[in-house]
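S.K.: One structure coming up, written as C-alpha cells, with questions to follow.
The values are calculated or read from the model by the stated rules, or taken from the named source; none is laboratory data. Everything numeric in this text was worked out from a predicted model, so none of it was measured. Counting neighbours? That spans all protein chains shown, and the Cβs are built from the backbone with ideal geometry, glycine included.
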Amino acid sequence: MKKRKIIPYNRNLKEKARKLRNNSTFTEILLWRYLKGKQMKGYDFHRQKPIDNYIVDFYCSELFLAIEVDGESHYGNETNDKIRQKKIEKLGVSFLRFDDFEVRYDLENVLLQIEKWITIQEHTPNPSQEGNF
C-alpha cells in the first residue's frame, strides 16, 4: 500500500481559512463551481487550504496541486507571492496560477489548462514505480 505524504500546516490558520471560505471572491466562487464535488476529472479539491504557514485558494492532496486566483489582494505583492510559492513548492506542491480576469472572462480556457495539467500528471510515470512490472 502506498503511504500518503502529509503536508504540514499551521493549525492557527484554520479559523482564517474558514473566514476566507465564507468571504470568497467572485472569481473563486466561479472556479469552485467546477472544482467541487470531484467534478475535475474525479479529483477532490478543497478551498482555502492551509499549507505550512500559508493558505492556498484551492488544493488537491492527491495531485499535490495548489491553484491560485490572483486578484486584487495579490496586486503589488508579486515578490511575496513568489517567495510563498517557492516555500510551498519545496514541500512537493505544484502550482497553477490564474489572474482574476482570466477566470472571469476566459473560464473555459482556465478549466482546459487545469485538465491538461492533470492529464499530463496522470500519464507521467512515478519514478518509484519504474521497473515494477
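S.K.: Please indicate, with yes or no, whether at least one residue in segment 67-78 is at pLDDT 95 or above, under 19 Å from residue 117 (Cα atoms) and over 14 Å from the mean Cα position of the chain (by Cα).
M.R.: Taking segment 67-78 first, the residues at pLDDT 95 or above are 67-69.
Now narrow it down to the ones that are under 19 Å from residue 117 (Cα atoms): 67-69.
If we keep only those that are over 14 Å from the mean Cα position of the chain (by Cα) as well, we get none.
No, because not a single residue in segment 67-78 is at pLDDT 95 or above, under 19 Å from residue 117 (Cα atoms) and over 14 Å from the mean Cα position of the chain (by Cα).
S.K.: Working only within segment 87-120, note down all residues that are basic (Lys, Arg), closer than 19 Å to residue 50 by Cα and part of a helix (DSSP H, G or I). Talk me through it step by step, then tell me what you get.
M.R.: Start the filter on segment 87-120 by keeping residues that are basic (Lys, Arg), which leaves 87, 90, 97, 104, 116.
Cutting the leftovers down to closer than 19 Å to residue 50 by Cα gives us 87, 90, 97.
87 - this is the single residue of segment 87-120 that is basic (Lys, Arg), closer than 19 Å to residue 50 by Cα and part of a helix (DSSP H, G or I).
S.K.: Quick test of your reading of the structure: residue 131 fulfils all but one of (1) at pLDDT below 95; (2) in a helix (DSSP H, G or I). Name the failing condition by number.
M.R.: (2)
S.K.: Starting from segment 48-65, keep only residues that are among the small types (Gly, Ala, Ser), then list their pairs with residues that are at pLDDT 95 or above whose Cβ atoms are within a distance under 8 Å, requiring at least 6 positions of separation or different chains.
M.R.: Short answer, once both residue conditions are applied: 61/44; 61/46.
S.K.: May I pose another question? Could you list all residues from segment 17-37 that are free of Cβ contacts under 8 Å to residues at least 40 places away in the same chain, over 16 Å from residue 59 (Cα atoms) and either among the aliphatic types (A, V, I, L, M) or in a helix (DSSP H, G or I) (or both)?
M.R.: 19, 22
S.K.: Ok, one more. Could we say that residue 62 is surrounded by 12 or more Cβ atoms within 10 Å (Cβ to Cβ) and of a type in the set (Asp, Glu) here? Before the answer, list the steps.
M.R.: Details: surrounded by 12 or more Cβ atoms within 10 Å (Cβ to Cβ): yes; of a type in the set (Asp, Glu): yes.
So residue 62 fits the description; yes.
S.K.: Something else about it: Being surrounded by fewer than 16 Cβ atoms within 10 Å (Cβ to Cβ) and either β-branched (Val, Ile, Thr) or over 13 Å from the mean Cα position of the chain (by Cα) (or both) is the filter here; which residues of segment 92-112 pass it?
M.R.: Of everything in segment 92-112, those that are surrounded by fewer than 16 Cβ atoms within 10 Å (Cβ to Cβ) and either β-branched (Val, Ile, Thr) or over 13 Å from the mean Cα position of the chain (by Cα) (or both) turn out to be 101, 105, 106, 108, 109, 112.
S.K.: Please determine, by comparing only the residues of segment 20-32 that are out of contact with any Lys or Arg (no Cβ under 9 Å at 6 or more places or on another chain) and surrounded by 11 or more Cβ atoms within 10 Å (Cβ to Cβ), which one is nearest to residue 105 (Cα to Cα).
M.R.: Step one: of segment 20-32, the residues out of contact with any Lys or Arg (no Cβ under 9 Å at 6 or more places or on another chain) are 22-23, 25, 29, 31.
Checking the rest, the ones that are also surrounded by 11 or more Cβ atoms within 10 Å (Cβ to Cβ) come to 25, 29, 31.
On the way: 25: 15, 29: 14, 31: 12 Å.
Among those that are out of contact with any Lys or Arg (no Cβ under 9 Å at 6 or more places or on another chain) and surrounded by 11 or more Cβ atoms within 10 Å (Cβ to Cβ), it is 31.
S.K.: A further question on this structure: Identify the residue in segment 1-55 that is modelled with pLDDT of 95 or more and of a type in the set (Gly, Ala, Ser) and, among all such residues, is farthest from residue 116 (Cα to Cα).
M.R.: Across segment 1-55, the extreme among qualifying residues is 17.
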